[in-house]
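A quick write-up on the structure given underneath.
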Amino acid sequence: MKEKFYITTAIPYCSGKPHIGNTYEVILTDCIARYKRQKGYDVFFLTGTDEHGIKIENKAKELGISPKEFVDGVYEKVKGIWSLVGASYDKFIRTTDDYHEKAVAGIFTKLLEQGDIYKGQYEGWYCVPCESFFTDTQIKDGKCPDCGRPVQKAKEDAYFFRMSKYADRLLRHIEENPGFVEPEARLKEMVNNFLRPGLQDLCVTRNSFTWGVPVPGDEKQVIYVWIDALSNYITALGYTVDEQGELFKKYWPCDVHVIGKDIVRFHTIYWPIMLLALGLPLPKKIYGHGWLNFGTDKMSKSKGNVMYADDLVSLFGVDGVRHYTLSAMPYSTDGSITYESMISAYNTDLANNLGNLVSRTLSMNKKYFDGVVQSPDVPGESDDKLKATVAECTAKVGELMDTYHVSDALGKIFEMLSAANKYIDENCPWTLAKDPELSGRLGTVLYNLLETIRVGASLLTPFMPETSAKILSLLGTDDLSEKFGRLVPGTHTSAGEVLFKRIDEKEFFEKLADKISEKENNGDAKMEEAVKENVQATENANAETKEKEYEPLCPEIEFDDFIKPDMRVAKVLECEPMPKSKKLLKLQLDLGFEKRQVLSGIAKYYKPEDLIGKKVIIVANLKPRMMCGEESKGMVLASGGHEPDAVVRVLFAAEDAVVGDRVG
Ligand code: MSP
């Protein structure tokens, strides 16, 4: 019987389109799952979406749609991206799936009945975006210790999980199971900062919103999103407190939870304690990978540096993206992505190393032997070295993959391909071809090259499945064995296909600029807008005549909140279109006390000459942000910008309004 292997990704929040960092995680997990399948394991690969919580409730409210409509739209996007990058998952769970919600309610009730969860009162500080409570000592300068945003005083009825009851058992488990959490440094941080100082009971319900699994029998409260989300790893296998189900019996405990470094605490403390309380075995391993950053910066919408997998796939192809992300993310530290580094890796590894090796070898085999694989009967000096490199790299790739050192494993494969390119240069097949007496040697050299390529394609299969399949088909074989010498003489190979065309940096950036403006025109830069448009299009189709729908009023605010935006009168000194964008205008403004640049998405509605010399109102203390490579320091006020067919009108100040004066 095959040995089982259960592997999971974290389930991303269904609050927007996943970026390349989130997508890296599914590519990484997919690569490990494919590797294990190729090694003969019975693999179950689980992924999904985390669909509850206040952020989602608020986003849906902003868009005037229901939370379910909102998550349905985002879920489709996530699934689309996962399939675009070739994720070969066996199951996709949504935390809004009925069976999951029922199982979570059952888990909560069981823990309540056995006394691990109790009802009490929470008094302390609450961070709304993080949905987390903090004590006086945990907050930092009145701000959330996790996200740095202001926290608010909270006192409410709530349910708590007795974490401390299980802390010793968890510590013992960690000590007795080296490798439970990897890389080791992440485990040390958890043990020293959280477990040893003593665990506090965890507040596991919220009553500040309703979009979640209700607490059974106390419907004012919803179950904390992490209790709900973490349970996905067992409910997806059919686990309920009453019945474990066949898949659960077969695949649990999980072999590895693949997650990012920011959520290691939830997976190494809260999740194991939940399992201990349920009397279930703990996962065998939690692997906390680093983060993919844009250069050295964290990717964030406000910095305008977020990259998405679908855009990258259209520029580099699926395997270009898989290759880059898998090689750029080291085992234990963060990785970096920029267009420049992607172009460089693509040209060096894919076009020059792999692509050239395959095209040179196949075209020589066609030219000299009409595409027929020869018998390797005439050994030469450098053959043993090449074969030894193949054997050494193959063994090393296995070792590295078994310990999840995925980028190092990929690096080893490319070392092997470089050795094959060197073997070509050492043996100069084109010289051998000039002498008919050396035809046997030429056939052997080509055999060794074809065979190295076949082993390379086999090793590359989990990383770049499409390319590997293409190479194997060009070689006329589907033999994935890593043993050298399996290619059967007489096999017919094909030639002529360029696997990876070199990317010219200048042409690339021109194409990219076109794509950006095309995207802005299509209006799909924002996931939220796209979802809203979908919903509105459906509504429009259903209603023959439809009156204008006004955006619902935002919740009431205090005067103190109203004065936070610092709005000023500013005069437009210069205005010009942005070369890379059809949506933005670049304005140079005089605020009296300073001059500054503001970008505004009004190019569809105003020409520069409509604005020059006019006085506008801007939010002057808005954090500067980059848009299409230019900084914008503030926002020009205009009406109508939130609707799909908006009539956008700038709010001009009176001609005699004083530049620099505050508005409000
Ligand atoms: N919903 C929770 C996970 C619940 S698991 C029971 C969550 N979602 S998330 O959308 O914020 O993140 C999903 C995964 O993407 C996490 O593992 C997170 O660490 C990872 N990443 C988020 N940004 C990332 C990068 N920039 N780079 C690599 N991984 C990143 O957390």
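Bear in mind that the values in this text are calculations on the coordinates, not laboratory data. If you're wondering where the values come from, they're calculated on a predicted model, not measured in any experiment. Note: ideal-geometry Cβ built from the backbone for every residue, glycine included; neighbour counts use all protein chains shown.
Things to note:
- Straight-distance candidates among the aspartates and glutamates for linking to Lys188, with alpha-carbon spacing under 15 Å and chain neighbours fewer than 8 residues away dropped: Glu175, Glu176, Asp262.
- Nearest-0.05 FRET efficiency for Ala646 and Lys515, computed from C-beta distance (R0 25 Å): 0.60
- The distance from the alpha carbon centre of segment 556-595 to that of segment 242-302 is 44 Å, rounded to a whole number.
- Distance between modelled label sites at Cys130 and Asp262, nm, 7 Å Cα→Cβ extension: 1.1
- Spherically averaged projected area of the convex hull of Cα atoms, segment 233-341: 9.1 nm².
- Placing a pseudo-label 7 Å from each Cα along the Cα-to-Cβ vector at Asp157 and Asp504 gives an inter-label distance of 7.1 nm.
- Electrostatic dipole magnitude of the chain [Cβ: Lys, Arg +1; Asp, Glu -1; Cα centre; debye, to 20]: 680
- Filtered GluC sites (Glu not before Pro), segment 404-511: DSSP coil and at most 15 other beta carbons within 10 Å: Glu497
- Cross-link partners for Lys367 among the aspartates and glutamates, with Cα-Cα distance under 16 Å and sequence neighbours closer than 8 places in the same chain left out: Asp435, Glu497.
- Counting only lysines at least 8 places from Lys511 when in the same chain, those with an alpha carbon closer than 19 Å to its own are Lys501, Lys519, Lys580, Lys582, Lys583.
- Along each principal axis, Cα extent of segment 75-224, largest first, Å: 46, 42, 37
- Counted over the chain, the DSSP beta bridges are approximately 70% antiparallel.
- Viscosity 1.306 mPa s, 10 °C: Kirkwood-radius Stokes-Einstein D of segment 459-503 over Cα pairs, µm²/s: 135
- For Tyr606, neighbours were defined as the other residues whose beta-carbon sits under 10 Å from its Cβ, and their charges (Lys and Arg +1, Asp and Glu -1) total +2.
- Taking 13 Å as the cut-off, the amide N atoms of segment 62-94 that come nearer than this to a point 7 Å along the Cα-to-beta-carbon line of Lys250 belong to 90-91.
- Cβ-Cβ distance of Phe194 and Asn293, R₀ of 25 Å, FRET efficiency by 1/(1 + (r/R0)^6): the value works out to about 0.50.
- Other residues within the sphere of radius under 10 Å centred on the Cβ of Lys396, judged by their own Cβ, net out at -3 (K and R +1, D and E -1).
- Sites Ile612 and Ser494 - FRET efficiency at Förster radius 56 Å, r taken between beta-carbons, to 0.05: 0.35
- All-pairs alpha carbon distance profile, segment 24-82, 10 Å steps from 0, percent: 21, 35, 24, 15, 5
- Local net charge near Glu3, Cβ-Cβ under 10 Å (Lys/Arg +1, Asp/Glu -1): +2
- Kirkwood radius and radius of gyration were both taken over the C-alpha atoms of segment 338-475, and their ratio Rg/Rh is 0.99.
- Taking every Cα-Cα distance in segment 425-467 and sorting them into 10 Å bins starting at zero, the pair-distance distribution P(r) comes out as 28, 36, 22, 14, 1 percent.
- The Kirkwood radius of segment 40-117, taken over pairs of alpha-carbon atoms, gives through the Stokes-Einstein law at 25 °C and 0.890 mPa s a diffusion coefficient of 166 µm² s⁻¹.
- Subset of Lys79/Lys515; Lys59/Lys91; Lys303/Lys623 violating a 19 Å alpha-carbon distance limit: Lys79/Lys515; Lys59/Lys91
- About the Cα centre, charge dipole magnitude for segment 64-164 (Lys/Arg +1, Asp/Glu -1 at Cβ), debye: 160
- Counting every alpha-carbon pair across segment 412-490, the share separated by more than 18 Å comes to 44%.
- Residue-span extension gain [Tyr99 to Ala657] - 0.36 nm each, minus C-alpha spacing: 194.7 nm
- Across segment 36-48, coupling constants 3J(HN,Hα) worked out from phi with the 6.51/-1.76/1.60 Karplus curve, θ = phi - 60°, read 5, 4, 4, 7, x, 6, 8, 9, 10, 10, 10, 9, x Hz, and Gly and Pro carry x.
- Loop-located trypsin sites (Lys or Arg not before Pro) in segment 548-640, at most 10 other Cβ atoms within 10 Å (DSSP): Lys548
- Taken about its Cα centre, segment 338-475 carries a charge dipole of roughly 360 debye when the Cβ of each Lys and Arg holds +1 and the Cβ of each Asp and Glu holds -1.
- Gln121 paired with Glu556, simple spin-label distance in nm, labels 7 Å along Cα-to-beta-carbon: 2.6
- Sparsely packed trypsin sites (Lys or Arg not before Pro) within segment 417-507, loop by DSSP, other Cβ within 10 Å at most 16: Lys434, Lys483, Arg486, Lys501, Arg502
- Dimensionless Rg over Rh [the chain; C-alpha; Kirkwood]: 1.03
- Mean silhouette area of segment 559-663, derived from the convex hull of its C-alpha atoms and averaged over all directions, reads 7.0 nm².
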